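The structure appears right after this line, and notes come after that.
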Amino acid sequence: MLCSFAKLVGLSESSVRKILQDRDKVYGAATDGGTKSKKLKTGAHQEVGEILTQWMVQCRTKCIPLSGPIIAEKVLEIAKKLEVSNFCASNAV
C-alpha cells in the first residue's frame, strides 16, 4: 500500500516513510508557511492536495486500506468538485 501511494505521488517509498515519521514537522511547516524549511514547496493545486491529505488521514484513522487507483479516483473527484481545469492524476510510474 505504501509503495502504491509513493508511486502515485512521485516519491520514493523511503521519502514517504520519512514524511510519515516526521508528519508533525511537515504538517507544521505546511500550515504556518514553512519559514524554517526551504525544501517544502506547495504544488500548483495546493487546495486539492490539502483536501486529499485530510481524506487520507480520515481513511487511515478508520483503518480503510488505500491503493493507488483509489487515491487517483478520489483526487480526480476532489479536483472536479473544486472545478480545477486540466487536472490529471498521475500514476507516477
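The values are calculated or read from the model by the stated rules, or taken from the named source; none is laboratory data. Nothing here was measured: the structure is a model prediction, and the numbers come from that model. Glycine gets a Cβ as well: all are built from the backbone with ideal geometry, and neighbour counts include every protein chain shown.
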| Under 6 Å by Cβ, and 6 or more places apart or on different chains, what pairs join a residue from segment 56-72 that is touching a residue at least 60 places away in the same chain (Cβ under 8 Å) with one that is outside any loop (DSSP other than H, G, I, E, B) and surrounded by 12 or more Cβ atoms within 10 Å (Cβ to Cβ)? | L66/C59; S67/S4; G68/S4; G68/L8; I71/L8
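Looking only at helices (runs of 4 or more DSSP H) that lie completely in the chain, which have at least 1 residues being surrounded by 13 or more Cβ atoms within 10 Å (Cβ to Cβ) and at pLDDT below 80? Even if it seems obvious, please write down each step before you answer.
Details: elements: 2-9, 13-21, 23-31, 46-61, 68-81.
By residue number, 2-9, 13-21, 23-31.
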